[in-house]
Amino acid sequence: MIQETTNTMTRLQTLQSSVTWYHVEFKAEILLDTYSGLLSEQSIILAMNSSFVDPLVQFESQLQIIELSFRKVFSMPSLSTVKAMGRTSEDTEDLENLYQNIFNIFEDTLLILVSKDFYKIQILKEMATWMSEDSQYQQERAMMVITRVLIFASKRVKKYRSIDAPCLGLLAAELSLFCSHNDPEIIQQAMAGMNYVLYIALCQNSNVVKFRSSKPSEEGSNIKVMTSGVESLAKMTQGEKTKIAQSVGQILLPQLLTDFVWTLLKKLSSPNNKMAIEAASLLKLTLEFHAQKITRVSKIVEDIYEQLCGNPSPMMKSVMLHVISVLTRASPKKVIFQLMEFPVPADKTLLLLWQAASMESSVASEVLKTILLILKGKPGEIEETLGEKRRFSLDATNMMPVAASQALCTFLPVTSYEKVVVKLFPEFLMALLLQLSYCSHHLKNTARNRPLYVRDALKALLNCSGLEEVDKALEKKNFWDQFSQVMDHQYGIHLIAKTLSECNFPQFPETLHYVYKIAVEGPRRSEDSIVTIIFFAELLNNFFKESLPEEFLVLFRNWINDSNPSVGKMSLQKIASMAPVFSEIESVCNLLLPVLDAFLSKEHTVIIRAMLTLRNILSKLDKKIYSTVCIRIASSYSPLMDHVNSGIQCMAIRHFGELLMDMNHYNWMLKHIVLGSLVPLILFLESKETRIVKACRYTLTICVTQLKWSTASLLKEETYNFESVVLDICNNLLSSYESYITDLISDTLGFLGSSRDFLKKGAIILVGYLGKSGEHLLLRDEIDIMIEVIERLTRVEDALIKELAEKTRKLFKEIANRMSSSTIKQTFRKWVKMFRTKKLKLIYDVASIRTLEGNEIEIIKDSLIESNLEKSEKPYRVTKENYFNESLYTV
């Protein structure tokens, strides 16, 4: 029994020994497979180096193969484990050699790649990343490989004047985190690696090159000095994060330092809590010392925003907000511009970022100036900002000016910002008023609450500037509540200016100076002038009750002639409202001339506004000053008396009459203009529009009264007859102002080509009487021209016009026949007529013709009735042609 047990134990030991040996053989085969695989992969990688593949594609392919090799090599068991596999000392030595050769091949591959292309040092950064992602790899071995390759690279870098190693910042960040590892061996290797990275960065810095000598001996000594400097740095920085942060910031170029910071920032979201804490500590220290060297600030801010949206831990959130504060201190413009590019309205995360940015009181002035610059932009417009084009679109993701309005509510209440905003009050006030205009015009269909941001910003500005009284006054006027409704922005701007003036706001001098400055320099956009005019005029209207400085007058003159009709119209409107002030200016005539020039505008509303403004000023103007410009004003009305727009025409005619009434004591100055304006005043008595007829009667009555004619009684509605008026005026011209007749004939001929029948009829009658009264003043050639023009109207379809033209043609023919062909005889006849003038009599008797037209219509109606009853018999029809053929009036 005992012997059997002993045999069984022996067999088990033999079996166990064979299994162990099999296991050792199996492990050895794995090492051999790894070794052979590395040799194969090395040959592929080196073959790619000799190919003509695109460098980027080549690097990416090589990196993929190296990653596979890395995962195989550094997943192997430790050397002690491998040694334990050997049964004999020879087996152990073979396994150890094989093990070491595997690492050597991997390291050699990296050395060859870096020697051929320094850019491929980036592989070391990727190795450090793979190590940090998985702690199961042999991190000490991997760090040794990284350090050895860096030693090799630091020796190679001495031979080149410039190197391409853009990954140094990323690699330094990865190695710096390993400097806080739990394993002292890894810390030592990481520290050594950091030193060589910094040395390579020193060589990359152009400032180092100038210290190199052309002599080999001197160059070597310089390198030793730099190397010893890096070594002493290693002793200082070991285990001291502050020293690391300072050294990295001093040595790395700005773009590399940015990569360093960027990498640490990404590590804040690492699931490895210890790594995140170390990254946060290094990040804060680095930025404290060297934040001003960081580039791509906007990208970092954007990344922080995205990480904060991911709901990080409170500690990490605090670190990120601290980063924003430090970056704001170093690069306020870049941070603020990026913060304004986030979606509107601001979410909780963005509000946190704004609050973090507002914590840096030292840059309050720069921050507010940057926000002000953004506020001066127009939503939906492309603008040049800081040397680059920024898109101000209407979409919700990029409304920088609107975002700036909302951001002011966060920044202004901060104490340090309250002190700064006092100096910038006028600029912020005008910028917000412009935003009110933009929001009302361009954004009312996109988001109703966007004007509310302007409202809140205005309230914050007033309260932070010591103008709480103004805020309360606007509240009483229900101004703030109207923002949520459809409010006329022009009324809003007017009300703000008026309320500020009523409260005698202490910032008035600087505000007036700033508004005057932007008005003189010219706005960025023509439409901005409207806001400037409204606000500026209201300030002047409230603070200058008696007189106005001359320089302000120049501004209004320029605005009147602005290319934007809306600007001109608004300027004229404000001048009208300030007429009492403007009328007291000594050089008011210099303002009246641009107003008269506005009569020539293509925009009808501008002309109407100019005429109303002119009347407002003239009603307050001293009569002596008035008399100096009345001729120019009166002659400016004349072209408008036959304007195509009936509103303009009616107003011009009536204002001309009011001018004559104003200048009653100076009518001798205006007599020639009155006589020259008779033609349109007479012809439009027959207009189809009642308001024009009334205006013509009103003004013509004033004209004939001042000329001391008796025509006024004929213009009354109950006694009015067009032909009688024409006859009376022509008789008066013949007796008193016959020298004007030829000019009036010329003016009347111009109306014969009108498309309106009443003008043609009136012009035919008027030219007939004028021609008859002035026949002794006309030459044969002039009569022939008049006959030619009249003959064209004898071929029109309208029977009355046709017959009036025919009658006038015959009249002119008779005048022509009585004329002598001799120039001497014509002159003699003129002299005779001057002393033997005869009053004219009715020529056309249009009233009788119109009565005949009425009778004709009745006859036609009766004939139609009879034709229906007796279709076999057609009655005789009296027509205009029959009537005129049988009974023509003679002169």
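The values are calculated or read from the model by the stated rules, or taken from the named source; none is laboratory data. Computed from a predicted structure; not experimentally measured. Methodologically, a virtual Cβ is constructed for each residue, glycine included, from the backbone with ideal geometry; neighbour enumeration extends over all protein chains shown. Note: areas computed on protein heavy atoms with side chains; ligands, DNA, RNA excluded. Shrake-Rupley method; radii C 1.70, N 1.55, O 1.52, S 1.80 Å.
The condition (being under 17 Å from residue 768 (Cα atoms), in contact (Cβ under 8 Å) with a residue 24 or more places away in the chain and touching a helix residue (DSSP H, G or I) at 6+ places or on another chain (Cβ under 6 Å)) is satisfied by just one residue among 704, 725: 725. Looking only at residues of region 127-184 that are closer than 18 Å to residue 203 by Cα and of a type in the set (Gly, Ala, Ser), we find that the one that is surrounded by the fewest Cβ atoms within 10 Å (Cβ to Cβ) is 162. Scanning region 732-754 for residues that are open to solvent by less than 10 Å² (accessible area, probe 1.4 Å) and of a type in the set (S, T, N, Q) yields one hit, 748. Candidates in region 74-93 are the residues that are of a type in the set (A, V, I, L, M, F, W, C) and free of Cβ contacts under 8 Å to residues at least 40 places away in the same chain; of these, the one that is most open to solvent (accessible area, probe 1.4 Å) is 84.
Total residues in region 266-284 satisfying the condition of being open to solvent by less than 30 Å² (accessible area, probe 1.4 Å) and among the β-branched types (Val, Ile, Thr): the figure is 0. For region 540-598, a residue qualifies if it is of a type in the set (S, T, N, Q) and open to solvent by less than 50 Å² (accessible area, probe 1.4 Å), and the qualifying residues are 541, 542, 564, 571, 583, 587. Among the conditions (1) surrounded by fewer than 16 Cβ atoms within 10 Å (Cβ to Cβ); (2) more than 59 Å from the chain's Cα centre (by Cα); (3) touching a residue at least 40 places away in the same chain (Cβ under 8 Å), the only one that residue 757 does not satisfy is (2).
Here region 486-523 is the region considered, the condition is being under 18 Å from residue 472 (Cα atoms) and touching a residue at least 60 places away in the same chain (Cβ under 8 Å), and the residue that is farthest from the chain's Cα centre (by Cα) is 507. Of all residues in region 539-585, those being in a loop (DSSP other than H, G, I, E, B) and touching a residue at least 24 places away in the same chain (Cβ under 8 Å) number 13. Residues in region 36-54 that are modelled with pLDDT under 85 and surrounded by 13 or more Cβ atoms within 10 Å (Cβ to Cβ): 49, 53.
Count of region 622-638 residues, restricted to those that are open to solvent by 80 Å² or more (accessible area, probe 1.4 Å), of a type outside the set (Val, Ile, Thr), in contact (Cβ under 8 Å) with a residue 12 or more places away in the chain and in a helix (DSSP H, G or I), is 2. Just one of (1) open to solvent by less than 20 Å² (accessible area, probe 1.4 Å); (2) more than 29 Å from residue 695 (Cα to Cα) fails for residue 771. It is (2). Restricted to region 185-219, and to residues there that are modelled with pLDDT under 55 and either of a type in the set (Lys, Arg) or assigned to a loop (DSSP other than H, G, I, E, B) (or both), the residue that is least open to solvent (accessible area, probe 1.4 Å) is 213. Can you name the condition, by its number, that residue 553 falls short on among (1) under 31 Å from the mean Cα position of the chain (by Cα); (2) modelled with pLDDT of 85 or more; (3) hydrophobic (A, V, I, L, M, F, W, C); (4) more than 20 Å from residue 525 (Cα to Cα)? With respect to (1) under 31 Å from the mean Cα position of the chain (by Cα); (2) modelled with pLDDT of 85 or more; (3) hydrophobic (A, V, I, L, M, F, W, C); (4) more than 20 Å from residue 525 (Cα to Cα), residue 553 is out only on (2).
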